[in-house]
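Working notes, beginning with the structure itself.
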Number of protein chains: 4
Amino acid sequence: MAPVKKGIIERLNSGEVVIGDGGFVFALEKRGYVKAGPSQHPHALHREFLRSGSNVMQTFTFYASDDKLENRGQNLRITGAQINEAACDLAREVASEGDAMVAGGVCQTPSYLSCKSETDVKAIFKKQLDVFMKKNVDFLIAEYFEHVEEAVWAVEVLKTSGKPVAASMCIGPEGDMHGVSPGDCAVRLVKAGAQIVGVNCHFDPMTCVKAVKMMKEGVEKARLKAHYMVQPLAYHTPDCNCQGFIDLPEFPFALEPRILTRWDMHEYARESYKAGIRFIGGCCGFEPYHIRAIAEELAPERGIVAPASEKHGMWGAGLEMHTKPWVRARARRDYWENIAPASGRPKCPSMSTPEGWGVTKGHADLLQHKEATSSQEMKHVLEMQKKSKSST
Amino acid sequence: MAPVKKGIIERLNSGEVVIGDGGFVFALEKRGYVKAGPSQHPHALHREFLRSGSNVMQTFTFYASDDKLENRGQNLRITGAQINEAACDLAREVASEGDAMVAGGVCQTPSYLSCKSETDVKAIFKKQLDVFMKKNVDFLIAEYFEHVEEAVWAVEVLKTSGKPVAASMCIGPEGDMHGVSPGDCAVRLVKAGAQIVGVNCHFDPMTCVKAVKMMKEGVEKARLKAHYMVQPLAYHTPDCNCQGFIDLPEFPFALEPRILTRWDMHEYARESYKAGIRFIGGCCGFEPYHIRAIAEELAPERGIVAPASEKHGMWGAGLEMHTKPWVRARARRDYWENIAPASGRPKCPSMSTPEGWGVTKGHADLLQHKEATSSQEMKHVLEMQKKSKSST
Amino acid sequence: MAPVKKGIIERLNSGEVVIGDGGFVFALEKRGYVKAGPSQHPHALHREFLRSGSNVMQTFTFYASDDKLENRGQNLRITGAQINEAACDLAREVASEGDAMVAGGVCQTPSYLSCKSETDVKAIFKKQLDVFMKKNVDFLIAEYFEHVEEAVWAVEVLKTSGKPVAASMCIGPEGDMHGVSPGDCAVRLVKAGAQIVGVNCHFDPMTCVKAVKMMKEGVEKARLKAHYMVQPLAYHTPDCNCQGFIDLPEFPFALEPRILTRWDMHEYARESYKAGIRFIGGCCGFEPYHIRAIAEELAPERGIVAPASEKHGMWGAGLEMHTKPWVRARARRDYWENIAPASGRPKCPSMSTPEGWGVTKGHADLLQHKEATSSQEMKHVLEMQKKSKSST
Amino acid sequence: MAPVKKGIIERLNSGEVVIGDGGFVFALEKRGYVKAGPSQHPHALHREFLRSGSNVMQTFTFYASDDKLENRGQNLRITGAQINEAACDLAREVASEGDAMVAGGVCQTPSYLSCKSETDVKAIFKKQLDVFMKKNVDFLIAEYFEHVEEAVWAVEVLKTSGKPVAASMCIGPEGDMHGVSPGDCAVRLVKAGAQIVGVNCHFDPMTCVKAVKMMKEGVEKARLKAHYMVQPLAYHTPDCNCQGFIDLPEFPFALEPRILTRWDMHEYARESYKAGIRFIGGCCGFEPYHIRAIAEELAPERGIVAPASEKHGMWGAGLEMHTKPWVRARARRDYWENIAPASGRPKCPSMSTPEGWGVTKGHADLLQHKEATSSQEMKHVLEMQKKSKSST
């Protein structure tokens, strides 16, 4: 049994920086593991994030609501509850090895996009919450919401537990899919009971920090109080529209050239800190070394060095031993801080045109889809796409 | 005890495609682990490569010769032999779980670059070989040699074991650091006793395949026989000079935008196969999903699907279930085959100017360096660099 | 004596599209001629623009106010009035050869930036206006103003002449240097007496069209009436801040990679037309073939083909005769409409970081400067620049 | 009557640098003039080049052989001879205003590509030569040849005149279209009687200089003597294959982003000079300011300043007077020498894939084509193109 740790709110109230973890789906997929389900594989990844400095182990329950699992066409012999319980146990086991809390998360539902009622949608969140309560997670996150209305419903459900609640939307500075500004979203979430608000996924770190700044301004203008969190992509996305990286032509299997370096992460960590954000983590694309870079940038403020930093020289110091003197010359901060790394892809552009037909919740094109795309549907889709492009 | 498996030469003689693994140093560093030493961490990575289709588990003994370890400034309480024995055990344990062989590897030595004698250099290889024989690896690889002379010495030592010997140089189409062409290198290695020859590391896949083609032409012109191997970087390096990616300004901590997609790997696997190469793997930058892509591209020829492919739809088929129809429209081969992915970095170039002062073995600038760079030395190095640039 | 032509307002009121010309300074500099002064050289360029479809010959009097000429350190034996008279004669001579009007232009003054009084600044405009009246130009343009206040003063002076007055500011969607929005700028200019309002210079075509749209919205919201004009750069400037291309590191001698193709101009002409702009021309970077492209795009609406188009096949039709069939295959609209032309510069980025210290009118750094930069001043400037960059 | 000037050979023998002019077709097309024919328009351009430092006025007779004119589908009422005579008069008139010689040029013929006999092809050159002799040009250039065989025929014809003969091929380092190396081409041309050899068009300056260096090595190895010339494109073409810029997808109407800056020209001039080339000029894409940059770079060696440089500050010195201090800070050589200019086109790549089906002289696809492409032919061509791409 691990000793009683400080809770998330206690930490944030005392001015601590809490470092989050990175997204599991993208990282595990690159390791050759399936996208969801109870297995030992997240184990190693939880531990790598912990060693890299994460104080939060999010249960690997992303999109593991029953309606989403059904939606994915899986003919399941195990229930969502079973998956989620196993995920909680894994996260707890690793968290107990270090200074980390376990967070249980819920996210947006296909039911909402298909215009199901508030009661229906809340029932889904409640089912997931039951597991988190049974497993006694340390706090709760309602994350990855494109519509503030659904995020508020989630917060209202999670709030009933008495656990601390964080709420994080996958929006950028343009706001939610109905055009509600980040500031207004934040105000509604705080009023619903979220103690921590912020954004995650969909945009690159600097864009996300900008959106959280707008949230903070909104909350302060409304004379409310909150803590702030940010868990962005580890991909550069200057070319996204309001719907984020999913609409980029490279999503999800050609995002490599957009991956942030560890030096980009230093900048992101510093910028977040300056903006007053104290729960700083990552989402899709984050590998443990990205989290380590955040921990290293904020080591002076936190007075903590992550285990994984023990033999990692800051700012390339390890290169001081390199055989070639011109590589040794890279063992300094201003070299890496100022590098503009080449892509090695001279036939590729630096920005893309996002797709996306400007549709959202309730549109027929987005109704729940339980079967794979048929060849006739594919033909139809390609035609619509052509039309959408020529009218741009 | 696993059943007796077919050996590497037996496989290649029968026309099988043997899939190698990826490099460990870069992959483990991103997971937050130290760069070398006996630990449990390579375990998970070996297993991920195995699941992704690798038939070869290389012992994680890269640069683990005693002179290199000393060179790295480590005050070791354990010997190189102990490290290497532990590495062999780990590789064997995972290999026995599937259809994989264990390969013991030696690579170029600081002693050679510092002009030590043939006897001295060979003694280093012999010490490593003793471990591999004690642990009974399945075959041996002399890899990562910049000078064919040293590679020949390594092959001569390894050959004494009676095990199959593969020899792989880290050169491109311009040949070794003394200007010996790939074709001539290959001929000398085959004559020294290597049954498999090829290149690894330092260049991107297409460049490496080109170099191996030149090796094959040389060997055939000399009326010799050999099998061919290639284990390139997973980074695009069109801008390298003959010394490879180490001289790129992005090495080693800002290579992210150069990472190959899985689709680039399909192309690489096909091109290697067409060129007659049958031992196809990877080096620095390879993650398990890159190896899986090789296995998927060559699945028709091999008649084998890797475990990690079981739930990975070929050519993005998994997207057929995506909510957004324009993302579903990406669930097809010609979409991913033709994508030119953006870097998301509009302020970065697509190619860099390599550094490197055109010096190699024996040059004072490259003598063994047991201590870290002093600030005076750094100043000197930066001055030389400035001079080198202005004279370009 | 040429027959009496329709005036600018008469044309615009009847719905005609009036095509402007391009900037002279940049075009003549590339031909190796000095930047200002009475000479025969603008003659050829006026004629090229006329043949390409221009309906307006702007007198080459840009920045030829006495205070600017003095500012340029010129020890002049001829007066600004003499220069301006000669420029009017040249423009008139060519205009009389075709369907073109002569426009006399005034632009922002160093006196304003140095905080001289309204009376002083207006006196400068009046002096230039006297020449235009003597030479009886067809209409007047107050162009290239960064501050709406000064533009209003110019309009008030020009208005006294009874000639039609157009007012064009060098601002983008962010508005003037004091933060006045494009819409508010336009309202103030119309109220001051301008019959045509718009923007010129400083930004690329699409950015300028966007700014003029905002002007139009402002004017319509204020229930005023005006015609609209746009005369942008022929350089792509997606990376500019509010101060425009002057702050780009490439200004003014490395702008080549940003030059628009003729196909970009087709898009610009169409977009302008759709936005309701009817006086469409160009500024720095425009060559006659760019103007011709505008005329060609709008030929269906205008029912006029420019002389220079007589042997210029639309959309690359001239390539139908090319020897190589793959070049013949480019003789079609959709080829050129969709081309994303490569820069041939793989070591260059696609976007820059603008300089600029966020200062404007009245700031000591911008006071009038009658002497060239001394080496001490250069040192000071480079230090300030370094500071400005590190604080970003 | 102008005073007798030094001839080209006399100049080169005495070690003088002779500066050529730029191409006329591309420059005049951008000014809105037709592509060929007797007119006043080249007049202004000749004069601009002269003022910028050119010592050679090439008669604007490019591709003005009768077979080419016929090929272009022109229903001519004037003969090739008439065109060529008028062109000679224009060049002479301007040359006599300064220190310039008139050069008459012939180039490759459609007849050769269509496999006409040596006699037929030579007759075409002879017809053009007759005009040049009648008009008494100062020297002759056989330029823009892709096949050394035809270039040799041209030299043999021109040689009969007794005038100095220069021979320039449009090839790069890979040699002519039949694979003859630059060195071998040069040897054959010198043996045929050319006193000056080199390359023009098709590739960017640095590539052309490289090819001329190979010519020089070949000539010297054969113990022959010659002078060297280079007249490259003003477009960056790092991505060309052996056939040059015509196969680039941007040819000829989207080459803008590839245009060299004046600073690129300084580098080119210096590199040419270092390589021992003494007749240095330009071809397609060159504007007068590009020629001026060559003259400015070599002013110390030549002791001459071109008229157009009189008010053009070297290395941006004119910016010393700019209002903004950060623009004044650009008034220095190392700023412009090191600039890597952005394209302003983040959705465009930096390199293209050249088209071209690997066919040359004699191939059915390249037979003379007197009519424009029919829609059926276009369909056929597009199909062949698709096939060609998918087999890459």
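The values are calculated or read from the model by the stated rules, or taken from the named source; none is laboratory data. As the structure is a computational prediction, the values presented were derived from the model and not from experiment. Positions of Cβ are generated from backbone atoms using ideal geometry, with glycine treated the same way; all protein chains shown enter the neighbour counts.
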Tell me, which residue of region A:7-31 that is in a loop (DSSP other than H, G, I, E, B) and free of Cβ contacts under 8 Å to residues at least 24 places away in the same chain is surrounded by the fewest Cβ atoms within 10 Å (Cβ to Cβ)?
A:Ser14
Is there a residue in region C:317-327 that is under 15 Å from the mean Cα position of the chain (by Cα) and aromatic (Phe, Trp, Tyr)?
no
Any residue in region D:284-293 that is surrounded by 24 or more Cβ atoms within 10 Å (Cβ to Cβ), in contact with a strand residue (DSSP E or B) (Cβ under 6 Å, 6 or more places away or on another chain) and not small (Gly, Ala, Ser)?
no
Taking region D:332-350 and keeping only residues that are within 7 Å of chain C (Cβ to nearest Cβ) and in contact (Cβ under 8 Å) with a residue 60 or more places away in the chain, one is left with D:Trp336, D:Ile339, D:Pro341, D:Ser343, D:Arg345, D:Cys348
Among the numbered criteria (1) at the interface with chain C (Cβ under 10 Å from one of its Cβ atoms); (2) crowded, with 22+ Cβ neighbours inside 10 Å; (3) at pLDDT 95 or above, which one does D:Pro249 miss?
(2)
Residue in region C:225-246 that is more than 18 Å from the chain's Cα centre (by Cα) and under 23 Å from C:Leu12 (Cα atoms) present:
yes
Considering region C:259-307 alone, what residues qualify as being modelled with pLDDT under 95 and either within 25 Å of C:Ala167 (Cβ to Cβ) or not in a loop (DSSP other than H, G, I, E, B) (or both)?
C:Pro307
Looking at region A:50-61, which of the residues that are outside any strand (DSSP E or B) and under 14 Å from the mean Cα position of the chain (by Cα) is nearest to A:Asp21 (Cα to Cα)?
A:Ser54
Return yes when D:Ile259 is within 13 Å of another protein chain (Cβ to nearest Cβ) and within 16 Å of the chain's Cα centre (by Cα) and no when it is not.
yes
Pairs, first in contact (Cβ under 8 Å) with a residue 60 or more places away in the chain and more than 20 Å from D:Glu287 (Cα to Cα) in region D:230-244, second surrounded by fewer than 24 Cβ atoms within 10 Å (Cβ to Cβ) and acidic (Asp, Glu), C-beta under 6 Å, six or more apart:
D:Cys242/D:Glu174
Is it the case, given these coordinates, that A:Cys201 is in contact with a strand residue (DSSP E or B) (Cβ under 8 Å, 6 or more places away or on another chain), in contact (Cβ under 8 Å) with a residue 40 or more places away in the chain and within 23 Å of A:Met265 (Cα to Cα)?
yes
Selection count, region B:284-331, where residues are facing another protein chain (nearest Cβ under 7 Å) and without any contact (Cβ under 8 Å) to a residue 60 or more places away in the chain:
12
Quick test of your reading of the structure: B:Asp365 fulfils all but one of (1) assigned to a loop (DSSP other than H, G, I, E, B); (2) in contact with a helix residue (DSSP H, G or I) (Cβ under 7 Å, 6 or more places away or on another chain). Name the failing condition by number.
(1)
Within region C:95-123, can you find the residues that are among the hydrophobic types (A, V, I, L, M, F, W, C) and either within 15 Å of C:Ile141 (Cβ to Cβ) or modelled with pLDDT of 95 or more (or both)?
C:Ala95, C:Ala100, C:Met101, C:Val102, C:Ala103, C:Val106, C:Cys107, C:Val121, C:Ala123
With respect to the numbered conditions (1) of a type in the set (D, E, K, R); (2) surrounded by fewer than 23 Cβ atoms within 10 Å (Cβ to Cβ); (3) within 14 Å of chain D (Cβ to nearest Cβ), which one is the sole condition not fulfilled by C:Glu271?
(3)
Would you confirm, using the coordinates I've provided, whether B:His147 is touching a residue at least 40 places away in the same chain (Cβ under 8 Å), at negative phi and of a type outside the set (Gly, Ala, Ser)?
yes
All positions within region C:75-127 that are in contact with a strand residue (DSSP E or B) (Cβ under 6 Å, 6 or more places away or on another chain) and either small (Gly, Ala, Ser) or surrounded by fewer than 18 Cβ atoms within 10 Å (Cβ to Cβ) (or both)
C:Ala91, C:Ala95, C:Ala100, C:Ala103, C:Gly104, C:Gly105
Residues of region D:231-246 satisfying the condition of being in a helix (DSSP H, G or I) and crowded, with 22+ Cβ neighbours inside 10 Å:
D:Gly244, D:Phe245
Could you tell me how many of the residues in region A:13-71 are at pLDDT below 90 and more than 25 Å from B:His312 (Cα to Cα)?
0
Per the filter on region A:135-152, residues within 19 Å of A:Cys88 (Cα to Cα) and among the aliphatic types (A, V, I, L, M) are A:Val137, A:Leu140, A:Ile141, A:Ala142
Condition (residue is surrounded by fewer than 18 Cβ atoms within 10 Å (Cβ to Cβ) and in contact with a helix residue (DSSP H, G or I) (Cβ under 7 Å, 6 or more places away or on another chain)) applied to region A:135-144: is it met by at least one residue?
no
